[in-house]
Amino acid sequence: MSLKIPAIPQISFFLRTTKPFHSATAAQEFLHLILSCGEPYRPFKYGNSEPLKKFFDERALDDVVATWLGGKNYSQDILEREYRQGQLMMKGRAPSKVNYFISWRNWTDKILFNCICVNISKEFLKKDEIELHKFIEFCDNTVRMFHPVHAEIYDYTDSIICTSTDNALIPDDLSVRCPALKWRTYFGPPYIDLLGRENILNAPCWKVEEVGDTIVLQLTESVFKEIPQEIRQRVVDYFELNVDVQIRSNLGSGFIFRPYSASDYYSKSKKLVPNFPIHELFGKDLDKKKYPKMI
């Protein structure tokens, strides 16, 4: 039986990075960025799991930072030498209905990205073009702040039908990470090295620009209109034709980008995956001898 994720009328931003999140400074900088964007971006409640019960007060951010850090304001020394993980969820109110999800580990038994996900009402952005530009600017500034390996903005309105729970979520295991092309895709340094800077800058799409140390492909002008399959396929074909001939012959087709439809099959073994700076994820003083399988 297939799994169906209900339709949600929102625009989503998802950032994946190997830069450390086990830091009060990282939490504070992101919270101040949110507050600098004005009332539509201000959270109303927060916590580390649903239902969110704590009321957000910008005059008292220490507890929000503590939640980001895993439950209390651990010292940086502890965060560097003890195994910790954190999860922060925040929700705003109408009309933006913004919500945030932050997840990190300074260790892992399965190597995953640290991530930030931000969702905002599609109708809120659609009513005012200025608000859409503000949201893109917020996403760009988050990218500049956290130097992702990959990030994306896309319309999450459509239901996603999945053939198995394994396909329900985008794989964030760094050994198989293969992104789908979304409306606005940010390629960080590992993907720039893999695909080639000039190749990305010359991709056949509506806009290409540099944001921080990423290069952004924007497939079409409007995030509110469905992206024609031929546009997406043209970009996929372009990149596959511009990699090494030997790689192409060994892997066949469909080896760079995951199919856009989550229900479509893709091989986790025949994929072209960047070399990610995995060491950045870990606490510097963790006992690697005690937990060798985690490193």
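None of the figures in this text is laboratory data; all of them are computed from the coordinates on show. Fair warning: this is a prediction, and the values are worked out from it, not measured in the lab. So basically every Cβ, Gly included, is an ideal-geometry build from the backbone, and we count neighbours across all protein chains shown.
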For N250 paired with S49, estimate the spin-label separation in nm (one decimal), with each label point 7 Å from Cα along the Cα-to-Cβ line. 4.4 nm
In nm, what is the difference between 0.36 nm times the number of residues separating H279 and D193 and their Cα-Cα distance? 29.2 nm
If each part is reduced to its alpha-carbon centroid, region 265-282 and region 21-68 end up apart, in Å, by 31 Å
Between region 105-139 and region 188-215, the Cα center-to-center distance that results, in Å: 20 Å
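Taking the highest mean first, how do the peptides 117-125, 178-186 order by number of other beta carbon atoms within 10 angstrom per residue?
On the way: 117-125: 20.3, 178-186: 22.8.
Result, highest mean Cβ count within 10 Å first: 178-186, 117-125.
Based on DSSP H runs of at least 4 residues, each adding -39500 (n - 2.57), what is the mean residue ellipticity at 222 nm of the chain after dividing by all its residues, to the nearest 500 deg cm²/dmol? Each step should come with its number before you reach the end.
On the way: 9 runs with 82 residues, N = 295.
-8000 deg cm²/dmol, from helical runs alone.
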Distance (nanometres) between label positions extended 7 Å along Cα→Cβ at Q85 and R234: 4.3 nm
Gain in span if fully extended, L61 to D264, counting 0.36 nm per residue against the direct Cα distance: 68.8 nm
Using a basic spin-label model with each label point 7 Å from the Cα along Cα→Cβ, how many nm lie between Q76 and E129? 4.5 nm
Using a Förster distance of 22 Å, the FRET efficiency for A94-L35 (Cβ separation, nearest 0.05): 0.70
Would you please give the FRET efficiency between D213 and T25, computed as 1/(1 + (r/R0)^6) with r the Cβ-Cβ distance and R0 = 22 Å, to the nearest 0.05? 0.70
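If we sort 137-144, 274-281 on the protection proxy, mean other Cβ atoms within 10 Å, highest first, what's the order? Mind dumping the intermediate values first?
Numbers: 137-144: 18.6, 274-281: 15.5.
The most tightly packed comes first, giving 137-144, 274-281.
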